[in-house]
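Here is the structure we will look at.
The values are calculated or read from the model by the stated rules, or taken from the named source; none is laboratory data. Keep in mind that this is a model prediction, so the values were computed, not measured. Using ideal geometry, Cβ is built from the backbone for each residue, glycine included, and neighbour counts are taken over all protein chains shown. The accessibility values were calculated without ligands, DNA or RNA, using every heavy atom of the protein model including side chains. Shrake-Rupley method; radii C 1.70, N 1.55, O 1.52, S 1.80 Å.
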Amino acid sequence: MNFVGYLSSPWVYWTLTSTYVLSIITVIGVVIGENRNPLKSLAWVTVLLLLPAVGLVLYLFFGRSIKNRRMISRRNKRRLRRREQFNGGARELEKLSDNNRQLARLARSLGAAYYPGNSLEIYNTGSEKFAALKRDLLSARQFIHLQYYIFEDDTIGKEIADILMERARSGVAVRVIYDHVGSLHVKNRFFKTMRQAGVDIQPFFKVTFPMLSSRLNWRNHRKIVVIDGKVGYIGGMNIADRYITGAPKFESWRDVHVRLTGPAVGSLQYSFAVDWNFMGQPLLEEQCDKQYSVSADTAAGIQTLTSGPMDRWHNMALLFHRAICGARKRVYLQTPYFLPTESLLKALQNAALSGVDVRVMIPHRSDSMMLVYASRSYITECLQAGVKFYFYEAGMLHSKVLIIDDNFSTLGSTNFDYRSVEHNFEANMLVYSEDVNARLQKIFLDDQKNSTRIRPAQWRKRSLAHKAFESILRLLSPIL
């Protein structure tokens, strides 16, 4: 019997059909058993029933959950915590306002220790940030820990790589994490050259067969640098020329990054060490400097909150929700992609309907037209609640900043969308400081001068085709 005849025999046909049907039923059972959001579970069940083959492939790549898995062992986690913990944090936390104390306690419950007495420099241009970063990297004498989602092989990428290689040759321990998918377009030769020079560089969740479906959807979006345990960087900028010179379609690429000194550098070190150990690397031994002298007038209390698909809770979503719901005066939000979960959408509407000044700024033009239209599908219901929307016109707005009232703000790598709060590994700095809040407010209001406010009457005049396209893409929000 030839191969075609073999496949056409009744018992083979029924065996394959039964196996296929059983696989679909099993996956549906897994989806239901995960007890997710009912709407999301129902969407997956519907796709699997109506388009079984396509649905099965989509689920394998984008639907599976890795929640409640450990990134590192409890033993290693305790060792890192003891090494980086700042002893005075719990006492200082009690000095915060009632609302901020609740926020800080929430973040602490989610794993973010509180560190008082820090100093921050805020950069909203790539040229300022990279000039400072290069100076600090060149001054490194003990170790450099550097982590970015994208590490481009362009002018600034080569400059950073050259410094890292020079420092490694001088005996500095240089460790680098880059996201494999985020930097997939970068030729391996670029990273191989650094390895040959002594830089210990590792891709996060390297996507290879047969682990393609189990790793493709989970990306490390964090941007963290720790130098000698004394200086840290965190924010939204990747290593790429566009943050300095703009991009072909954008005259500028606006983002916010922070240079940090103070005990909170230990929290950045802890985050990097967890990711490093998660990739099968040895537990890091280096410790951060705990002797700091920061002016009491400008000292800021800080927590570094990380989140990821393995966490029990969606950490950043909980923090955003609590911060917005606790606002009494204002909520200023900058985000490149506005695809909020239902609870975050209701939080913004709740605040605006309660008389809080809620302003959301997103780019008028984006690096992804699909995300532009999906984001715009949420604007109408926000405008109806009194949320003020602004389209940034002076380039690509890539900034991820949330400012609450007068003394709380958060910035980092987390976008205000499903992917960031549910699927990506993210890191945000929570800052309890009137001084930092005022500086970030000024940046927001300066950007507002380069923005167009969207008025309800104007927004209703969009074409029917645009409205339909927005609504269709909104259905894909959880996986965009």
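Counting the residues of region 320-345 that are open to solvent by less than 30 Å² (accessible area, probe 1.4 Å) and farther than 13 Å from Val401 by Cα gives 7. Kindly check whether there is at least one residue in region 388-400 that is without any contact (Cβ under 8 Å) to a residue 60 or more places away in the chain and not aromatic (Phe, Trp, Tyr). Yes, that holds for at least one residue. Considering only region 232-241, I want to know if a residue exists there that is open to solvent by less than 40 Å² (accessible area, probe 1.4 Å), assigned to a helix (DSSP H, G or I) and in contact (Cβ under 8 Å) with a residue 40 or more places away in the chain. Checked region 232-241: no residue is open to solvent by less than 40 Å² (accessible area, probe 1.4 Å), assigned to a helix (DSSP H, G or I) and in contact (Cβ under 8 Å) with a residue 40 or more places away in the chain.
Could you check region 429-465 and list, in sequence order, the residues that are of a type in the set (Phe, Trp, Tyr) and under 19 Å from Thr414 (Cβ atoms)? Across region 429-465, the qualifying residues are Tyr432, Phe444. Of the residues Arg219, Arg215, Arg242, the single one that is at pLDDT below 90 and touching a strand residue (DSSP E or B) at 6+ places or on another chain (Cβ under 6 Å) is Arg219. Scanning region 434-446 for residues that are open to solvent by 10 Å² or more (accessible area, probe 1.4 Å) and touching a strand residue (DSSP E or B) at 6+ places or on another chain (Cβ under 8 Å) yields Asp435, Arg439, Gln441, Ile443. So for region 104-117 (the condition being open to solvent by 30 Å² or more (accessible area, probe 1.4 Å), in a helix (DSSP H, G or I), of a type in the set (D, E, K, R) and in contact with a helix residue (DSSP H, G or I) (Cβ under 8 Å, 6 or more places away or on another chain)), does at least one residue qualify? Yes; the residues of region 104-117 include at least one that is open to solvent by 30 Å² or more (accessible area, probe 1.4 Å), in a helix (DSSP H, G or I), of a type in the set (D, E, K, R) and in contact with a helix residue (DSSP H, G or I) (Cβ under 8 Å, 6 or more places away or on another chain).
Number of residues in region 164-190 that are within 28 Å of the chain's Cα centre (by Cα) and in a helix (DSSP H, G or I): the value is 5. Within region 346-367, residues that are surrounded by fewer than 23 Cβ atoms within 10 Å (Cβ to Cβ) and at pLDDT below 95 reach partners that are outside any helix (DSSP H, G or I) and aliphatic (A, V, I, L, M) with beta carbons closer than 8 Å, at six or more positions or on different chains, in the pairs Arg365/Met396; Ser366/Met396; Asp367/Ala247; Asp367/Met396. Ile244 passes every criterion in (1) in contact with a Ser or Thr (Cβ under 7 Å, 6 or more places away or on another chain); (2) over 23 Å from Ile201 (Cβ atoms) apart from (2). I'd like to check something: does region 265-285 contain any residue that is assigned to a helix (DSSP H, G or I), modelled with pLDDT of 90 or more, aromatic (Phe, Trp, Tyr) and open to solvent by 40 Å² or more (accessible area, probe 1.4 Å)? Yes, because at least one residue in region 265-285 is assigned to a helix (DSSP H, G or I), modelled with pLDDT of 90 or more, aromatic (Phe, Trp, Tyr) and open to solvent by 40 Å² or more (accessible area, probe 1.4 Å). Restricting attention to region 447-461, the residues that are surrounded by 16 or more Cβ atoms within 10 Å (Cβ to Cβ) and closer than 15 Å to Gln384 by Cα total 1.
Take the conditions crowded, with 21+ Cβ neighbours inside 10 Å and closer than 23 Å to Arg259 by Cα and apply them to Ile403. Does it pass? Yes. Within region 134-163, the set of residues being in contact with a Leu (Cβ under 9 Å, 6 or more places away or on another chain) and either part of a helix (DSSP H, G or I) or open to solvent by 10 Å² or more (accessible area, probe 1.4 Å) (or both) comprises Leu137, Ile160, Ile163.
On the basis of being touching a strand residue (DSSP E or B) at 6+ places or on another chain (Cβ under 9 Å), in contact (Cβ under 8 Å) with a residue 40 or more places away in the chain, in a helix (DSSP H, G or I) and among the aliphatic types (A, V, I, L, M), does Leu333 make the cut? Criteria not met by Leu333. If you filter region 397-433 down to residues that are acidic (Asp, Glu) and touching a strand residue (DSSP E or B) at 6+ places or on another chain (Cβ under 7 Å), you find that the one that is nearest to Met361 (Cα to Cα) is Asp417. From the list Met429, Met370, the one residue that fits, being in contact (Cβ under 8 Å) with a residue 40 or more places away in the chain and open to solvent by less than 30 Å² (accessible area, probe 1.4 Å), is Met429.
Among the criteria (1) open to solvent by 10 Å² or more (accessible area, probe 1.4 Å); (2) assigned to a strand (DSSP E or B); (3) within 19 Å of Val421 (Cα to Cα), the one Gln303 does not fulfil is (1).
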